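See structure below.
The values are calculated or read from the model by the stated rules, or taken from the named source; none is laboratory data. All figures in this text were calculated on a predicted structure; none of them were measured in a lab. Neighbour counts are summed over all protein chains in view; Cβ atoms, including those assigned to glycine, are modelled from backbone coordinates with ideal geometry. Quick note on the areas: whole protein, heavy atoms, side chains included, nothing else; ligands and nucleic acids left out. Shrake-Rupley method; radii C 1.70, N 1.55, O 1.52, S 1.80 Å.
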Amino acid sequence: MTETPLTPSPIPGLRIAVLGCGLMGVPMARRLLAAGHVVHAWNRTRAKAEPLAALGAFVHDTPRQACIKADYVISMLENGQVVGDVLFGMGQDGAIHGMRAGTLVVDMASIQPREARDHAARLSERGLRHLDAPVSGGTVGAENGSLAIMVGGKTEDFEAAQPLFAPLGRATHVGPHGAGQLAKLANQMIVGISIGAVAEALLLCAKGGADPAKVREAITGGFADSRILQLHGQRMVERDFAARGKMTVQLKDMRNALATAQEIGFDAPITRLFEQLYADGVEHGLGDLDHSGLFVELASRNAMQ
């Protein structure tokens, strides 16, 4: 994956609060710092944010403190309930109590579209702006500044966030509040279903006596080729299931997709099938594996462990 070179920000010293300094939040914060922005960081487990201090970030004990001097607030948190709690809950320590009117909240977590719309409405009541901007590309994309960023919200807020998005990846405005999350659900549906297709196909070949590594090589470049075949297929061949995106996270995304489908009256039978497969894998103790670990669940079903 080609790394996007860092160039000085067109708005020097953009003040950004980063709420959530985990596998994605930390490399994103590093890139914002390297681009010349001022970063105020918070994480529920402070130790995870501390390494950013050595790079010039200000590390805070509460979301409110992190937001006091910020013009932009990025949230990269676990799920919609956590985002809501950090923004609006936590008593007087919540982020909303540190924001000034006009602050732009950019939620880059993967949550349900209805949650994004609700957050946007509640922030608007306080004179605050909102974009839902979930990402795809994993930790590698976060480190290289090559994330695909799917953005929902007002056009003028999307334009205002360009200096923030530039060090992180390629941002596309896909519609009103909640539309970014819809795009991310589409992304995760395709990823989760494709992982299952690659895993099942390679296991079929192994069961029948073919070399899965050679099969993967043979079909690369044909109509079945994809990033999933190239990247996750290689992990399956090598049995490398160290988590880049966990099975539990993939399951959460499939469930979010099904919940949204139900809300809008859409039948999603393929997603429903794969939600059950990921759920079975998590139930069988595979939750902390990479989402390509669905291969392990399918192998077990075929007594191929």
Accessible area expressed per residue, the chain, with surrounding protein chains retained (probe 1.4 Å, Å²): 45
Theoretical gain in end-to-end length, Ala303 to Ala197 [0.36 nm per residue, Cα-Cα removed]: 36.3 nm
More than 24 Å apart - percent of Cα-Cα pairs taken over the chain: 54
Point-to-point label distance, Ala259-Arg244, nm (Cα→Cβ direction, 7 Å offset): 2.7
Cβ crowding within 10 Å averaged over residues, with 162-169, 280-287 ranked highest first: 162-169, 280-287
Convex hull volume of segment 90-132 per residue (C-alpha atoms, cubic angstrom): 75
Nearest-20 debye value, the chain charge dipole, Cβ charges on Lys, Arg, Asp, Glu: 440
Carbon plus sulfur fraction of accessible area for the chain, probe 1.4 Å, in percent: 55
Cα-Cα separations in segment 1-143 greater than 19 Å, expressed as whole percent: 47
Test item: Cα-centred dipole of segment 189-278, Lys/Arg +1 and Asp/Glu -1 on Cβ, debye: 240
Reach of Lys184 by Cα under 27 Å, taken over lysines that are not fewer than 8 positions away in the same chain: Lys48, Lys154, Lys246, Lys252
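Taking the Cα centre of segment 81-140 as origin, sum charge times position over the Cβ atoms of Lys and Arg (+1) and Asp and Glu (-1), and report the length of that vector in debye to the nearest 20.
In debye, rounded to 20, segment 81-140 gives about 200.
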Shape call, segment 171-305: gyration tensor on alpha carbons, a/c limit 1.5: prolate
Mean ellipticity per residue at 222 nm, deg cm²/dmol - from DSSP H runs of n ≥ 4 across the chain, formula -39500 (n - 2.57): -13500 deg cm²/dmol
Segment 181-239: radius of gyration and largest Cα-Cα distance (Dmax), Å: 12.2, 42
Gyration tensor verdict on segment 106-195 (Cα atoms; rounded if a/c is under 1.5, prolate if a/b is larger than b/c, oblate otherwise): oblate
Under the span-like rule (Cα at least 24 Å along the axis, Kyte-Doolittle mean at least -0.5), DSSP H helices of the chain: 179-208, 247-264
Mean Cβ neighbour count within 10 Å, used as a protection proxy, ranking 225-231, 113-119 highest first: 113-119, 225-231
